[in-house]
Structure formats: C-alpha cells, structure tokens
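The values are calculated or read from the model by the stated rules, or taken from the named source; none is laboratory data. These numbers were taken from a predicted model, which means no experiment stands behind them. Heads up, the Cβs are rebuilt from the backbone with ideal geometry, glycines too, and the neighbour counts pull from every protein chain shown. Ligands, DNA and RNA are stripped out before the accessible areas are found, and what is left, the full protein with its side chains, is counted by its heavy atoms. Shrake-Rupley method; radii C 1.70, N 1.55, O 1.52, S 1.80 Å.
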Amino acid sequence: MSVEMIIFLIIAVATLGSALMVVTTKNLVHMALWLIVVLLGIAIFFAMLSAGFLAVAQVVIYIGAIAILLIFAIMLTQRTTQEAGSSFNSNWRWGILVSLILFAGLFIILVNWSGISTTPPNLDSRASVADIGVALVEPNAFLLPFEFASVLLLAALIGAIYVAWDRRKV
Amino acid sequence: MTNPLLSISLWFSNLLTGWGLPSGLVAVILGIAGVLITCVFVLVLAVFLVWVERKVVARFQDRLGPNRIGPFGLIQPFADIIKLLIKEDITPNGADRVVYNLAPILALAAVLLIWAVIPFAPSVLGADVNIAVLYVVAVGSIGTLSIIMAGWASNNKYALLGAFRTVAQMISYEVPMVIALLIPVILAGSMGMSEIVNDQKIWFVLIIPVAAFIFLVTSIAEIGRSPFDLIEAESEIVAGFHIEYTGMKFGLFYAGELLHALTIGALFATLFLGGWKGPGVTLPYIGPFLGVFYLLLKSFLIYFVIMWIKYSLPRIRIDHMLAFNWKFLTPLALVLLIVVAILHKLMVTLEFSYILYIVIMFFANIVTFFMALNLVKNYASNTRKNLGKPPEVVVIQTNPKIDQPSPVTSNS
C-alpha cells in the first residue's frame with residue numbers, strides 16, 4: 001500500500017465520519033464545525049488529484065465564506081444553539097430510501113464508466129490554473145455555464161442589495 | 001554541490017535510503033522534518049518577537065521597556081513564557097470544552113501554515129505550489145474561523161461580541177485584500193510565490209505602490225491590530241474573543257498575533273519587496289543563507305512599520321471601519337485592478353521597454369490613488385457643508401380656521 005493510499009483512506013474515513021456527525025449532532029454550531037471538517041476533507045481529495053486550484057477554492061469559498069456565514073447566522077439565533085430536540089422527523093425512512101437510491105444510481109454509473117479503471121493523466125501542475133482560466137472563457141468549453149453562474153450570482157447580489165436597501169433615506 | 005542546505009537534505013535522504021527504507025517513506029520523513037524545522041524556526045522567532053514588540057512600544061511611548069533580566073532584557077520573554085506556563089488553566093463554566101481548547105491551536109496553526117509557501121531562498125521553500133497566493137487567502141479564512149470558535153465557545157457575551165466584530169471585519173477586508181493580491185499576480189503571470197519573486201527585476205512596490213498600500217492596510221485589519229483592533233478593544237468589550245483564556249492558551253493567541261504580523265511582513269516582502277532577492281544571493285555556499293537573511297530583514301522592516309502604525313494611531317470606529325473598506329478600499333482596488341490589467345496587456349502586446357513600462361505603471365497607480373482621494377475629499381467636504389446647515393424639519397402647524405394639522409416644510 002502506497003503512502004497516498006494510506007492518506008486517502010484516513011481522509012475518506014474522517015470525511016464520512018464527520019458527514020455522519022453533521023446529521024446526527026444536536027448542537028447546531030457543532031454541526032457547522034463538523035461540516036467544515038467534511039469540506040476540508042473534500043479539499044484534500046482535490047489536492048490529492050493534483051487539482052490544487054480547486055482545493056484552495058474549496059477552502060476559500062466553502063470554509064472561508066459559506067461555513068462562516070452559516071455559523072454567524074446560527075450564533076445570531078442564540079436560542080437554537082442549545083436546542084436538544086430530536087434531529088429526525090417522521091420522514092426519516094423515506095430519506096434513507098431516497099439516499100440509498102441516489103447512492104446506488106451514482107455507484108452504477110461510476111462502475112460502468114470507462115474512466116474508472118484508467119490511471120489519471122500526469123497533469124502539469126504549473127499550467128493547470130491557466131488552463132482552467134482559458135477553459136472558462138472558451139466558447140467550446142465552459143463559457144456558457146460560467147456566464148450563467150455569473151448572471152445568477154449577480155442577480156443574487158442585486159437582490160441582497162434591494163432587500164437591504166433603506167428606502168427612507170432616499 | 002555549492003548549496004549547503006540542499007546538500008544536507010540530500011545527505012539525510014541518502015542516509016535514510018541506506019537504512020533500507022522505501023523511497024516513499026523517505027520522502028514523507030523528509031517532508032515532516034522540513035515542517036518541523038520551519039515551525040521551530042518560526043516559533044523561536046516568535047519568542048524573540050515578544051521582546052522586540054515590548055522594546056519598540058516602550059521606545060514609542062518614551063519608556064525603556066524590559067531591561068532587568070539579561071542584557072537589554074533579552075531573557076524577559078523566557079520569564080514571560082514560564083509565567084504563562086505555570087498559570088492556572090481555567091475553562092469557564094458552560095464553555096464548549098472541545099471547541100474552546102481547539103481554537104487557540106487553530107489560531108496559531110493558521111499562521112504557521114502560511115510559512116509553507118514563503119520562499120526563504122531560491123532553493124529553500126516548503127511547497128512550490130502554483131496557487132500560493134490563493135492558498136494564503138484560504139489559510140487566512142481558517143484563522144477567522146478560530147477566532148469565531150474562541151468567541152462562541154467561551155460562553156461569554158463579550159467574547160461573542162468580539163467574534164461578531166471579527167466576522168464583520170475580516171470578511172470585509174478580505175475582499176480588497178484578494179483584489180490587491182491579484183495585481184502582482186497579473187504582473188508576474190503566476191500565482192506561485194517563487195515565480196512572483198523571480199519576476200521582480202525591480203521590486204513590485206515601485207511598480208504598483210497602491211496595490212502594496214492596500215495590501216498592507218487590509219493585512220493590518222486581518223491581524224486585528226490598531227487602528228483595526230476592534231475585535232479585542234479593551235475599552236469596549238474588555239478583551240474580545242480571548243477574554244476567558246488563561247495561561248498558555250492565551251499565550252498561543254498572543255504568539256499567533258505577533259507571528260501573524262511578522263508573517264504579513266514576510267508576505268509583503270515576498271510579493272512587493274523582492275523576497276529573498278538582494279546582492280550576493282547567487283554566491284556559492286553563503287547564497288541561500290543570505291537569501292534567508294534578506295527575507296527576514298525585509299519582513300522585520302514591515303513588522304516595524306506595522307508596530308509604528310499600531311502604537312501611533314487610535315482605534316477606528318466600527319462604522320468608519322466598514323465604510324473605509326466598502327466605500328474606499330474596495331472600489332479603489334477594483335479600479336486599480338482594471339487599470340493595471342489593461343495597461344499590462346497593452347504594454348506587453350506593444351512591446352514597450354521595461355523602463356517605460358515601470359514609469360507608466362507607477363504613474364497610473366499614483367493617478368488612480370489621487371483621483372480616489374479627491375473623490376473622498378469632495379464627498380467629505382460636501383457632507384460637512386450640509387452638516388453646517390440647519391436640518392430640514394417638518395413643522396406641524398395647527399390651522400385654527402380649519403382646525404386640522406397641515407405639514408409645512410421650512411428651513412428654519
């Protein structure tokens with residue numbers, strides 16, 4: 001077993017365990033902190049696939065922005081942090097069924113995919129950031145999804161300003 | 001072999017391979033040894049920083065500073081550490097024990113992690129990753145997280161207030177910081193630290209002074225030092241997020257803050273002051289050591305500037321802090337980014353000479369900065385003019401004939 005394999009197994013177990021903790025912990029802030037561990041684990045997977053840019057972007061966006069915003073929102077609603085009620089509702093059986101079906105579907109697709117057994121190409125880590133940048137503005141590659149995402153985010157931004165705008169001062 | 005540091009690592013790896021260890025394991029052991037050496041080096045520097053900080057603040061305040069133990073009080077930091085170690089370790093009632101104890105560790109770790117990508121010399125650097133600049137931002141967000149954890153887990157309202165302020169400040173100042181970091185990236189054409197250093201035939205601070213200024217200001221805000229020390233403002237929220245921490249746990253926060261200031265110095269030196277570059281770094285044998293020396297010299301220069309600002313300026317008010325960021329620094333950084341990007345592309349395509357390139361870039365920076373300052377000045381003077389006028393009030397007069405109130409607007 002190579003060193004990378006050992007690291008992969010440790011990180012995989014830690015990520016899955018933390019993901020389980022996210023849904024079973026009762027304290028909301030602890031949930032958010034476990035979620036951060038999960039996101040960090042995924043960032044490490046990206047790094048191990050020599051996708052350094054994605055790994056760092058994962059940390060910047062998901063931990064640096066989204067998770068902190070999440071914790072902030074939880075802290076502002078002080079009462080709920082101490083809540084001790086059950087984190088399951090009556091639909092938990094259906095939830096398990098749906099998640100199992102989803103898992104089985106993904107599993108079957110991945111097993112039948114030809115790329116699963118081929119070794120990954122040796123990426124030139126120096127050039128990968130520039131490649132991502134070019135791919136995002138290439139019409140044949142990801143220009144359209146990139147622009148759609150940009151417009152969506154811009155709309156969200158304008159929406160946030162509109163909601164927060166104090167009309168009395170104008 | 002003319003590089004002593006490389007020779008040592010080669011000798012060590014040969015030694016381990018000679019013992020019959022597999023090459024993968026040798027690489028891991030070498031990596032861990034590198035991490036340990038860097039961390040120990042930086043942490044020993046932090047001990048020294050306590051002394052520097054106390055001496056410099058003393059001179060700024062016309063005092064002598066520690067001078068009793070050892071020559072120039074040099075042994076004082078060790079006395080401080082022993083004092084911190086033997087203090088009672090208190091965990092307050094109702095504190096979230098695990099998160100409470102994890103926060104100071106994360107706070108120091110987030111600072112130490114930045115040193116992984118700082119090149120000490122051409123061959124002496126932890127990880128030569130091509131996304132080093134973005135990595136620095138990512139690690140910074142883990143530092144923010146540690147302060148939030150400390151503030152929340154302490155079960156103290158002042159600590160929580162400190163954490164709220166931290167979120168407002170650090171997330172806001174991250175925006176112009178990232179934009180300012182993009183500007184040297186555009187100039188060097190890479191996000192890797194070693195490429196950025198190699199690209200600096202002339203220090204970037206002379207080509208893009210305004211970007212350097214924005215980076216310095218936003219970094220001071222990220223560390224939470226005066227004038228941006230709202231997160232631990234002792235006169236308002238006692239000590240903010242670390243109010244409940246005692247002994248070495250407080251020591252970790254304190255060391256983290258001091259070290260963060262030096263780390264910002266090292267980052268600034270790497271990005272804008274040419275990093276390890278200086279006379280004689282290509283010499284055999286002593287070259288790498290000279291590189292480390294130059295980097296530390298430049299870092300301490302910036303550290304001194306940060307201390308200078310800290311001990312000369314009063315604390316900024318919280319609404320001013322946010323307004324300064326969102327209404328001045330962020331727009332300025334965005335405009336500067338656009339100007340630099342267009343000029344860079346234009347001048348590289350038209351093959352301008354390097355000297356002309358530097359001169360035009362410098363003046364473009366200065367002009368952008370003064371235009372921004374002028375806008376702010378005009379806005380402020382307009383606001384002041386309006387403040388001088390009596391406020392517009394609505395006077396409700398009762399008309400005796402109709403006997404109904406009718407609003408009349410007047411200027412008196």
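Is it true that some residue in region B:189-212 is more than 12 Å from chain A (Cβ to nearest Cβ), within 30 Å of residue A:75 (Cα to Cα), within 15 Å of the chain's Cα centre (by Cα) and not basic (Lys, Arg)? Within region B:189-212, none of the residues are more than 12 Å from chain A (Cβ to nearest Cβ), within 30 Å of residue A:75 (Cα to Cα), within 15 Å of the chain's Cα centre (by Cα) and not basic (Lys, Arg).
Answer yes or no as to whether residue B:292 is open to solvent by 10 Å² or more (accessible area, probe 1.4 Å), touching a strand residue (DSSP E or B) at 6+ places or on another chain (Cβ under 6 Å) and farther than 25 Å from residue B:141 by Cα. It would help to see each step written out before you state the result.
On the way: open to solvent by 10 Å² or more (accessible area, probe 1.4 Å): yes; touching a strand residue (DSSP E or B) at 6+ places or on another chain (Cβ under 6 Å): yes; farther than 25 Å from residue B:141 by Cα: yes.
Here the answer is yes, as residue B:292 does meet what is asked.
Among the residues of region B:103-130, those that are at the interface with chain A (Cβ under 10 Å from one of its Cβ atoms) and surrounded by fewer than 22 Cβ atoms within 10 Å (Cβ to Cβ) comprise B:127, B:128. Within this structure, residue B:190 passes the test of being at pLDDT below 85 and open to solvent by 20 Å² or more (accessible area, probe 1.4 Å).
In the condition set (1) at pLDDT 80 or above; (2) within 30 Å of residue B:190 (Cβ to Cβ); (3) open to solvent by 100 Å² or more (accessible area, probe 1.4 Å), residue A:120 is compliant with all but (1).
So if I check each of B:275, B:247, which one is at positive phi and surrounded by 19 or more Cβ atoms within 10 Å (Cβ to Cβ)?
Details: B:247 fails: surrounded by 19 or more Cβ atoms within 10 Å (Cβ to Cβ).
Checking each option against the conditions leaves just B:275.
Cβ-Cβ contacts under 9 Å between residues 6 or more apart (or on different chains), taken from a first residue in region B:190-208 that is free of Cβ contacts under 8 Å to residues at least 40 places away in the same chain and over 18 Å from residue B:132 (Cβ atoms) to a second residue that is in a helix (DSSP H, G or I) and not acidic (Asp, Glu), are absent.
Can you find even one residue in region B:299-306 that is within 25 Å of residue B:373 (Cβ to Cβ) and open to solvent by 70 Å² or more (accessible area, probe 1.4 Å)? Checking region B:299-306: not a single residue is within 25 Å of residue B:373 (Cβ to Cβ) and open to solvent by 70 Å² or more (accessible area, probe 1.4 Å).
For region B:91-102, a residue qualifies if it is open to solvent by 30 Å² or more (accessible area, probe 1.4 Å), within 12 Å of chain A (Cβ to nearest Cβ) and either in contact with a Lys or Arg (Cβ under 7 Å, 6 or more places away or on another chain) or part of a helix (DSSP H, G or I) (or both), and the qualifying residues are B:97, B:98, B:102.
Within the span defined as region A:50-73, every residue fails to be in contact (Cβ under 8 Å) with a residue 40 or more places away in the chain and loosely packed, with under 13 Cβ neighbours inside 10 Å. Count of region B:3-61 residues, restricted to those that are of a type outside the set (A, V, I, L, M, F, W, C), away from chain A (no Cβ under 14 Å) and not in a helix (DSSP H, G or I), is 3. Residue-level check: of (1) modelled with pLDDT under 85; (2) not in a helix (DSSP H, G or I), residue B:79 misses just (2).
Scanning region A:33-57 for residues that are under 20 Å from residue B:167 (Cβ atoms), within 13 Å of the chain's Cα centre (by Cα) and within 10 Å of chain B (Cβ to nearest Cβ) turns up A:36, A:40.
Within region B:93-123, track down each residue that is modelled with pLDDT under 85 and closer than 27 Å to residue B:4 by Cβ. Once the filter is applied, which keeps residues that are modelled with pLDDT under 85 and closer than 27 Å to residue B:4 by Cβ, region B:93-123 yields B:120, B:121, B:122, B:123. Output the residues belonging to region B:313-327 that are part of a helix (DSSP H, G or I) and either farther than 21 Å from residue B:268 by Cα or open to solvent by 90 Å² or more (accessible area, probe 1.4 Å) (or both). Within region B:313-327, B:318, B:319, B:320, B:321, B:322, B:323, B:324, B:326, B:327 qualify. You will find that of B:140, B:151, the residue that is open to solvent by less than 10 Å² (accessible area, probe 1.4 Å) and within 9 Å of chain A (Cβ to nearest Cβ) is B:151 and no other.
Restricting attention to region A:74-81, does a residue exist that is in a helix (DSSP H, G or I), closer than 28 Å to residue A:119 by Cα and without any contact (Cβ under 8 Å) to a residue 40 or more places away in the chain? Full working, then the answer.
Initial filter on region A:74-81 (in a helix (DSSP H, G or I)): A:74-76, A:78-81.
The next check asks that each one be closer than 28 Å to residue A:119 by Cα; those that pass are none.
No, region A:74-81 has no match at all.
Search region B:161-173 for residues being within 10 Å of chain A (Cβ to nearest Cβ) and open to solvent by 30 Å² or more (accessible area, probe 1.4 Å), and hand back the single one that is farthest from the chain's Cα centre (by Cα). In this case the residue turns out to be B:164.
Might you let me know whether region B:176-185 holds any residue that is β-branched (Val, Ile, Thr), under 19 Å from residue B:275 (Cβ atoms) and within 12 Å of another protein chain (Cβ to nearest Cβ)? Checked region B:176-185: at least one residue is β-branched (Val, Ile, Thr), under 19 Å from residue B:275 (Cβ atoms) and within 12 Å of another protein chain (Cβ to nearest Cβ). Across region B:21-48, which residue is modelled with the lowest pLDDT among those that are farther than 30 Å from residue B:76 by Cα and open to solvent by 60 Å² or more (accessible area, probe 1.4 Å)? Residue satisfying both the conditions and the ranking: B:23.
Residues to consider are A:10, A:63, A:6; find the one that is closer than 14 Å to residue B:145 by Cα and either more than 15 Å from the chain's Cα centre (by Cα) or within 13 Å of chain B (Cβ to nearest Cβ) (or both).
Numbers: A:10 fails: closer than 14 Å to residue B:145 by Cα; A:6 fails: closer than 14 Å to residue B:145 by Cα.
Matching residue, one of A:10, A:63, A:6: A:63.
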